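*Asks:* My questions will all concern the structure given below.
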Amino acid sequence: MGPTTTFPYLTTLVLLPAGAAVACAVMPRSMGERAQRRAVLAVGTLAMVAALALAVTIAVEFRVGDGGYQMQSVHQWMPQLGVSWHLGVDGISLFLLLMAAVLFPLALLGATVRQKSRSYVVWLLVLEAACMGSFVSLDLILFFVFFELTLVPVYFIIVGWGSGRRAYAAVKFFLYTFLGSAFLLVGIVAVAVIHDQQTGHLTFDLVALQSTHLGLASQILLFLAFTAAFAVKAPIFPFHTWSPDAYSSSPTGGAVILAAVMAKLGTYGVIRFDLTLFPRAVVDLAPVLLTLGVIGILYGAIVACAQRDLKRLVAYSSLAHIGFIVLGTFALSTEAVTGGVLQMVNHGLVTAALFLLIGWIWDRRRTWRTDELRGLQRPAPILAAMFTVVMMASIGLPGLNGFVGEFLVLAGTFLTHRWWAVVATTGVVLAAVYLLWAFQRVFHHAPGPEDEHTRDLGWRETAVMVPLVGLIIFLGVYPKPVLDRITPTVTALVHHVDVATGRVQPLVANGGVAAAASTAATAATGGTRAGTAASAPTAACRHHGQSAWVDGRRVVCHVAVTTSTRRLP
Amino acid sequence: MTGPAWLIWALIGLPLGSGTALGVGGRRAERLAAPAGVAAAAATLGLAAAAAVWRPAASAPLFAGVDATFAVDGLSAVMVVTVASVAAAVLVFSVGDIRSGEARSRFFGLMLIFVAAMLVAVTASNLAVLLMGWEAMGATSWALIGFWWRNRSRMEAGATAFVTTRAADVGLYLAAGAAVAGGAGSLRLDALAHLPSPWLGLATAGVIAAALGKSAQLPFSFWLSKAMEGPSPVSALLHSATMVAAGGYLLLRLHPLLWASGWGQPVVAWAGAATAVVLGLVAVAQADLKQLLAASTCAQIGFIVLAAGAGGVAAGTAQLVAHAATKSLLFLAAGAWLAALGTKQLDALAGAARRYRLVGAAFTAGALALAGLPPLSLWATKDAVLSSALARQPALYAAGLAGAVISALYSIRAARLVWLPLAPGASAGYDTERAGTRRVEGWMQGPLVVLAAAAVGLGVYALPEVSNVFDNVIAGPGAGRPAGWELGLSAGLALVAAGATWRWVTRLRVPAALGAAGWAWLGLEAAAALLVVRPLLRAASGLARFDDVVVDGAVRGVAGGALAAARLGARLGEVGVDDVVGAVAGGARRLGGLARRPQTGQLHQYYAQAAVALAVLVAIVVAVR
């Protein structure tokens, strides 16, 4: 077990929104409709902002260069069943936490609902608690509970505040993801039982289960069971058809959270659990998943070209972006996985911004159809400007966040699976096509009589967009602080996969992953900018991690032992 | 010796920062936009000159294993000064052309951001950074070409430019991937030529595709034709010294890669030569002045590409500089007429030079230079390019020479038409494209004079003393030094072609077939629409239906199947379940009756029962242990 911090940051982060939800739920009706509405909104906002502050504190306290779990809190929960309250954060979950913490208050403030706002806020708070819990759980049952808990609020949000065929969409979403989860539960129990048989110790703790010995066949079966749940949640092609319905029937706030945060539970689950528990199956089945990712990239982009409904368009473009994340994850090189993790954050920010903007168009015009809107740039220049920036980020324009993630994913995939990378690269163009077409239909040309009087963004909506656009630009211009925190964890994870599968000759002769990561951190403090670039292998070691590529050789940094190997094709 | 790193940051940061500020300022910055834009462009020019002298280099961490590195070497020094000079001239012109109330802050802001992107591309010494500048240029060009966004065709022109160049940019992504896979993980440009075998080819192909796309070479030329829908200053900046020139620059910069690949050089050289000839013919057929200039841009950039393929780096760079000055001048002059007379149709512009003599004189200087007449700039530089082609392959030289003669045809044709005597009913053709102001402002005239001086004066490149110094600055291989007969031959051919055109242009008609093909730019866009866009649309609607019917249909089918199974189960099973429940209940009742039987109320029977139970328990415990 790693060091436990004095203040239980993570537990607080999970319980804070949950507590606020309870507070809102028990708020007396006697105080009057308006007063209750205001109070609920105030409590909700306050709790979400407090959670954001807490998440920022966690990011500040986070030790750079440490690839392991930090700020762990371990408590007994159901010792007879081997279930514990084990939370921890590492480089993979840190920015997902932050992203979720940023998006929840913006979703609440950016898309208010007209009626039954108390239950709406309560459900959003429950959802935040569940999402946070999923991202920090290191106990499989605990994760499963949070993972399943997310379904309930979303179901009620779609049914209660949605539009169109909301009941159909909600049931489809619920059943589809629930079906996937059934496989996950079976998988989780199976892993724990196998571990129990081997060690006589029943536990669902991820760190303990990591050492379970699994044959290739059982790894593949368990991998498929886990991945079924994650593939539906993400969604990965061909399990995506619930998403256009669910996104377009959700209210704006629900769509934001559903697409931006909850979709990441799927891709996060793959990285956190599949790569950790079933490395051999991951390597064996990587070509299948890579292919699904590449199909998702192209298929999502092409189908998006045919959409006339902005929300469905974003749904299919999400499929393409998730494809990049899948590609990065299963390319299994440090660069690609890092890019994949970053891409999760990028996609969250961009999709949230897009859904908010589209929601505001709906508020004004009651339509999402591109053929019923035109020339909006004239009456609403701020809306158009914000949309342009977000669209360019989604296209992957350099200087904005989408580029960094995509570039790292593609470059990293070239290292290990070149042909998939070559095909995926063409997806870069298609994104430009469908978004530009849609943008031009909606914003350009002379506005029609109805379009003429479309209200521009108000100060409140602008205030919601500014942090998102700021983050989109910041991550595009200066991703280094984020990458510095992601990379050590990813390096350790990729190393874990390498060692478990014998994919690469052992990189580090002794000391193990943790030691290597910490030495990389020491090297970082000692001065990273060695003048003579490739002359000494250690000069290539930046504080990003313990390995780097120098002119064709993978150079691994270690204080005493420096081995350089070339990755096997 | 390298100069201070801050100089690079300032050179890029100044236009980027001021451009962003103007763009964000929006309507509030409207009045400030023009002076601030010009001041920023002037300061950028100063910084560019300083950078050319001090040759700074800079680097910053970008992401794992890749640093953002910039360096100004000889080639970059020439490029930054060229880009900044043309940008300054164009922005001064824009003060007169983009009137106040026309979203000036957006215009000047975007232009400055564009310049910053171009400066990033030409100072980058690393493929990732180059790609960043390269793509940012493409996106900004979308916004600039579609500056008048209320007009749908202009916006679509912008989108065509962006999407076409971006499609070619996939090449740069592939090249970057090849570099990473081939072991040049630092993505340094100078490392590309040393990639191992399969990656070298992929990188070369990618770079060539990206460069040909950006430079509107065959077969990508059509986007430049559509891009003429944009404002004149945009054409003057994007389609002379920057965007299209970037492709030529990339090939010049990466000539070691072309050389190392073995096949890259001839491919590039012939692509350039073919474009120089074919697009030259397209230019001859144009009836619209800006379309003529656009086609000639493709053709002239073709010479730069030819130079890169032939290894004449210094000659190609000189051609790039001379063309930048000449073509921006011509676009601005066309823009001045468009602003004053409201037309850019060559027929309607007959006599325009007589009406606005300064514009006419400047335009003529540019046209004569473009025609390759001695002793003007493009004559000198083109001959240097041709000389390097001759050293490579006589056929290349012949093709290039043909291109040179064609350039005399279209430039002199334009020059002659604008000097025709003013017809009495000339004003009937005016104001067809916008409302003309009937005056050319001082803001517009100044840059014309300066650029005309450059277009003429750069002919000094023909002097060996000058070209030697220039070649040393570039420090590239194979500085082509044209022999006397080459200079004489090209000059003679250009003079004959120019004279003949001047004499007979009003009487000669372009053959109809050639005219139609040229006018439509060889149908390249129609071909792209037929081969790429329409299949994409068809695939999109087909896959959308597939998604709905098959993929989602499968899901609905499973759900429906489950539902049907449940109904079936309900019909068959309800009886059974009831029976089971009934049976269980009956069994329980019977058990209850059995359980009642031991309760006799007699104590000795209870003791006996307890003893039996204990014995059974002991037996179980023993058995289990």
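The values are calculated or read from the model by the stated rules, or taken from the named source; none is laboratory data. All values derive from a computational prediction rather than experimental measurement. As a convention, Cβ positions derive from the backbone with ideal geometry for all residues, glycine included, and neighbour counts pool all protein chains shown. The area values use the complete protein model at the heavy-atom level, side chains included, leaving out ligands, DNA and RNA. Shrake-Rupley method; radii C 1.70, N 1.55, O 1.52, S 1.80 Å.
*Asks:* With A:Gln80, A:Gln72 as the choices, which residue is at pLDDT below 90, touching a His at 6+ places or on another chain (Cβ under 8 Å) and outside any loop (DSSP other than H, G, I, E, B)? Lay out the reasoning, then the answer.
*Replies:* Values: A:Gln80 fails: touching a His at 6+ places or on another chain (Cβ under 8 Å).
From the options A:Gln80, A:Gln72, the qualifying one is A:Gln72.
*Asks:* Output yes when any residue across region A:380-394 is more than 8 Å from chain B (Cβ to nearest Cβ), under 23 Å from B:Ala161 (Cα atoms), open to solvent by 10 Å² or more (accessible area, probe 1.4 Å) and more than 28 Å from the chain's Cα centre (by Cα), and no when none is.
*Replies:* no
*Asks:* Mind listing just one residue for me: the one in region A:395-416 that is aliphatic (A, V, I, L, M) and in a helix (DSSP H, G or I) and, of those, surrounded by the fewest Cβ atoms within 10 Å (Cβ to Cβ)?
*Replies:* At the first step, the residues of region A:395-416 found to be aliphatic (A, V, I, L, M) are A:395, A:397, A:400, A:404, A:408-411, A:415.
In the following step, the residues that additionally are in a helix (DSSP H, G or I) were identified as A:395, A:404, A:408-411, A:415.
Numbers: A:Ile395: 27, A:Val404: 29, A:Leu408: 30, A:Val409: 31, A:Leu410: 29, A:Ala411: 29, A:Leu415: 22.
Result: A:Leu415.
*Asks:* Does any residue of region B:445-462 turn out to be open to solvent by 60 Å² or more (accessible area, probe 1.4 Å) and either part of a loop (DSSP other than H, G, I, E, B) or farther than 29 Å from B:Ala318 by Cα (or both)?
*Replies:* no
*Asks:* Of all residues in region A:308-322, count the ones that are crowded, with 24+ Cβ neighbours inside 10 Å and within 14 Å of another protein chain (Cβ to nearest Cβ).
*Replies:* 7
*Asks:* Among the listed residues B:Ala498, B:Ala526, B:Ala483, which satisfies the condition of being among the small types (Gly, Ala, Ser) and either at pLDDT below 75 or buried (at least 16 other Cβ atoms within 10 Å of the Cβ) (or both)? Break it down stepwise before answering.
*Replies:* Values: B:Ala526 fails: either at pLDDT below 75 or buried (at least 16 other Cβ atoms within 10 Å of the Cβ) (or both); B:Ala483 fails: either at pLDDT below 75 or buried (at least 16 other Cβ atoms within 10 Å of the Cβ) (or both).
Exactly one of B:Ala498, B:Ala526, B:Ala483 is among the small types (Gly, Ala, Ser) and either at pLDDT below 75 or buried (at least 16 other Cβ atoms within 10 Å of the Cβ) (or both), namely B:Ala498.
*Asks:* Would you confirm whether or not region A:170-179 contains a residue that is in a helix (DSSP H, G or I), of a type in the set (Ser, Thr, Tyr), open to solvent by less than 30 Å² (accessible area, probe 1.4 Å) and touching a Lys or Arg at 6+ places or on another chain (Cβ under 9 Å)?
*Replies:* Our first condition is that a residue be in a helix (DSSP H, G or I); within region A:170-179, this holds for A:170-179.
Adding the requirement that they be of a type in the set (Ser, Thr, Tyr) leaves A:176-177.
Add one more test, that the residue is open to solvent by less than 30 Å² (accessible area, probe 1.4 Å), and what stays is A:177.
Next, only the ones that are touching a Lys or Arg at 6+ places or on another chain (Cβ under 9 Å) stay: A:177.
Yes, because at least one residue in region A:170-179 is in a helix (DSSP H, G or I), of a type in the set (Ser, Thr, Tyr), open to solvent by less than 30 Å² (accessible area, probe 1.4 Å) and touching a Lys or Arg at 6+ places or on another chain (Cβ under 9 Å).
*Asks:* Quickly run through region A:472-482 and pick out the residues that are open to solvent by less than 20 Å² (accessible area, probe 1.4 Å) and assigned to a helix (DSSP H, G or I). Steps first, answer last, please.
*Replies:* Taking region A:472-482 first, the residues open to solvent by less than 20 Å² (accessible area, probe 1.4 Å) are A:472, A:475-476, A:479, A:482.
If the condition is that a residue be open to solvent by less than 20 Å² (accessible area, probe 1.4 Å) and assigned to a helix (DSSP H, G or I), then A:Ile472, A:Leu475, A:Gly476, A:Val482 are the ones that fit.
*Asks:* Follow-up question, since we're still on this one. Just checking, does region B:258-270 include any residue being out of contact with any helix residue (DSSP H, G or I) (no Cβ under 6 Å at 6 or more places or on another chain), crowded, with 24+ Cβ neighbours inside 10 Å, outside the structural domain of B:Ala117 (by TED's automatic domain parsing) and touching a residue at least 24 places away in the same chain (Cβ under 8 Å)?
*Replies:* No, region B:258-270 has no match at all.
*Asks:* In region B:1-33, which residue that is outside any helix (DSSP H, G or I) and touching a residue at least 60 places away in the same chain (Cβ under 8 Å) is nearest to the other protein chains (Cβ to nearest Cβ)? Explain how you work it out, then say what you get.
*Replies:* From region B:1-33, those outside any helix (DSSP H, G or I) are B:1-4; that's our starting set.
Now narrow it down to the ones that are touching a residue at least 60 places away in the same chain (Cβ under 8 Å): B:2-3.
On the way: B:Thr2: 13, B:Gly3: 17 Å.
Restricting to residues being outside any helix (DSSP H, G or I) and touching a residue at least 60 places away in the same chain (Cβ under 8 Å), the top hit is B:Thr2.
*Asks:* Same structure again: Condition (residue is under 17 Å from the mean Cα position of the chain (by Cα) and of a type outside the set (Asp, Glu)) applied to region A:359-375: is it met by at least one residue? Please lay out each step first, then the result.
*Replies:* Narrowing region A:359-375 to residues under 17 Å from the mean Cα position of the chain (by Cα): none.
Scanning region A:359-375, I find no residue that is under 17 Å from the mean Cα position of the chain (by Cα) and of a type outside the set (Asp, Glu), so the answer is no.
*Asks:* Please return the ranges of helices (runs of 4 or more DSSP H) entirely within region B:118-214 where 2 or more residues are of a type in the set (Val, Ile, Thr) and at the interface with chain A (Cβ under 10 Å from one of its Cβ atoms).
*Replies:* B:127-145, B:152-181
*Asks:* Next up: Find the residue count for region B:533-542, including only residues that are within 10 Å of chain A (Cβ to nearest Cβ) and either open to solvent by 70 Å² or more (accessible area, probe 1.4 Å) or touching a Gly at 6+ places or on another chain (Cβ under 6 Å) (or both).
*Replies:* Going through region B:533-542 one residue at a time, the tally reaches 2.
*Asks:* Sticking with this one: So which pairs qualify, if the first residue must be in region B:543-564 and more than 8 Å from chain A (Cβ to nearest Cβ), the second must be surrounded by fewer than 12 Cβ atoms within 10 Å (Cβ to Cβ) and outside any helix (DSSP H, G or I), the Cβ gap must be under 6 Å, and the two must be at least 6 apart or on different chains?
*Replies:* Once the first residue is more than 8 Å from chain A (Cβ to nearest Cβ) and sits in region B:543-564, no partner that is surrounded by fewer than 12 Cβ atoms within 10 Å (Cβ to Cβ) and outside any helix (DSSP H, G or I) comes close enough.
*Asks:* Among the residues of region B:60-114, how many are of a type in the set (A, V, I, L, M), buried (at least 24 other Cβ atoms within 10 Å of the Cβ) and outside any helix (DSSP H, G or I)?
*Replies:* Residues meeting the conditions: 4.
*Asks:* Also, quick follow-up: Is at least one residue of region A:285-307 within 14 Å of chain B (Cβ to nearest Cβ) and not in a helix (DSSP H, G or I)?
*Replies:* Within region A:285-307, one or more residues are within 14 Å of chain B (Cβ to nearest Cβ) and not in a helix (DSSP H, G or I).
*Asks:* I need the full set of residues from region A:38-69 which are surrounded by 20 or more Cβ atoms within 10 Å (Cβ to Cβ) and touching a His at 6+ places or on another chain (Cβ under 8 Å), in order please.
*Replies:* The answer is A:Gly65, and nothing else.
*Asks:* Which residues, counting only those in region A:437-453, are outside any helix (DSSP H, G or I) and more than 7 Å from every other protein chain (Cβ to nearest Cβ)?
*Replies:* Pass one, region A:437-453, residues outside any helix (DSSP H, G or I): A:444-450.
Matches in region A:437-453: A:Pro447, A:Gly448, A:Pro449, A:Glu450.
*Asks:* Going by what's in this entry, would B:Trp270 be described as in a helix (DSSP H, G or I), at pLDDT 90 or above, more than 27 Å from B:Thr506 (Cβ to Cβ) and of a type outside the set (A, V, I, L, M)? Write out each step before concluding.
*Replies:* Details: in a helix (DSSP H, G or I): yes; at pLDDT 90 or above: yes; more than 27 Å from B:Thr506 (Cβ to Cβ): yes; of a type outside the set (A, V, I, L, M): yes.
The answer is yes for B:Trp270.
*Asks:* Follow-up question, since we're still on this one. Taking region B:354-387 on its own, how many of its residues are within 30 Å of B:Ser427 (Cβ to Cβ) and among the aliphatic types (A, V, I, L, M)?
*Replies:* Taking region B:354-387 as the starting set, the residues that turn out to be within 30 Å of B:Ser427 (Cβ to Cβ) are B:354-368, B:370-371.
Now narrow it down to the ones that are among the aliphatic types (A, V, I, L, M): B:358-359, B:361-362, B:365, B:367-368, B:370-371.
Number of matching residues: 9.
*Asks:* Is it fair to say A:Leu15 is part of a helix (DSSP H, G or I) and open to solvent by less than 10 Å² (accessible area, probe 1.4 Å)? Talk me through it step by step, then tell me what you get.
*Replies:* Details: part of a helix (DSSP H, G or I): yes; open to solvent by less than 10 Å² (accessible area, probe 1.4 Å): no.
No.
*Asks:* When A:Arg364 is evaluated against the numbered criteria (1) within 13 Å of chain B (Cβ to nearest Cβ); (2) surrounded by fewer than 24 Cβ atoms within 10 Å (Cβ to Cβ); (3) part of a helix (DSSP H, G or I), which criterion, by number, is the only one it fails?
*Replies:* All conditions pass for A:Arg364, except number (1).
*Asks:* With respect to A:Arg485, is the statement that it is open to solvent by 10 Å² or more (accessible area, probe 1.4 Å) and either more than 29 Å from A:Leu98 (Cα to Cα) or among the polar types (S, T, N, Q) (or both) true? Reasoning before the result, please.
*Replies:* Values: open to solvent by 10 Å² or more (accessible area, probe 1.4 Å): yes; either more than 29 Å from A:Leu98 (Cα to Cα) or among the polar types (S, T, N, Q) (or both): no.
Considered against the rule, which asks whether it is open to solvent by 10 Å² or more (accessible area, probe 1.4 Å) and either more than 29 Å from A:Leu98 (Cα to Cα) or among the polar types (S, T, N, Q) (or both), A:Arg485 comes out as no.
*Asks:* Which one of these does A:Ser134 not meet: (1) modelled with pLDDT of 90 or more; (2) surrounded by fewer than 18 Cβ atoms within 10 Å (Cβ to Cβ); (3) of a type in the set (S, T, N, Q)?
*Replies:* Looking at each condition in turn, A:Ser134 falls short on (2).
*Asks:* Confirm whether A:Ser163 is modelled with pLDDT under 90, more than 30 Å from A:Ala59 (Cβ to Cβ), in a helix (DSSP H, G or I) and not basic (Lys, Arg). Walk me through it before giving the result.
*Replies:* Working: modelled with pLDDT under 90: yes; more than 30 Å from A:Ala59 (Cβ to Cβ): yes; in a helix (DSSP H, G or I): no; not basic (Lys, Arg): yes.
Answer is no for this residue.
*Asks:* Now for a separate question. Residues to consider are A:Val429, A:Val433; find the one that is within 8 Å of chain B (Cβ to nearest Cβ), in contact (Cβ under 8 Å) with a residue 24 or more places away in the chain and of a type in the set (A, V, I, L, M). Reasoning before the result, please.
*Replies:* Numbers: A:Val429 fails: in contact (Cβ under 8 Å) with a residue 24 or more places away in the chain.
After ruling out the rest, the residue left standing is A:Val433.
*Asks:* Quick one: B:Ala161 ticks every box in (1) farther than 28 Å from B:Ala324 by Cα; (2) small (Gly, Ala, Ser); (3) open to solvent by less than 10 Å² (accessible area, probe 1.4 Å) except a single one, so which number is it?
*Replies:* Looking at each condition in turn, B:Ala161 falls short on (1).
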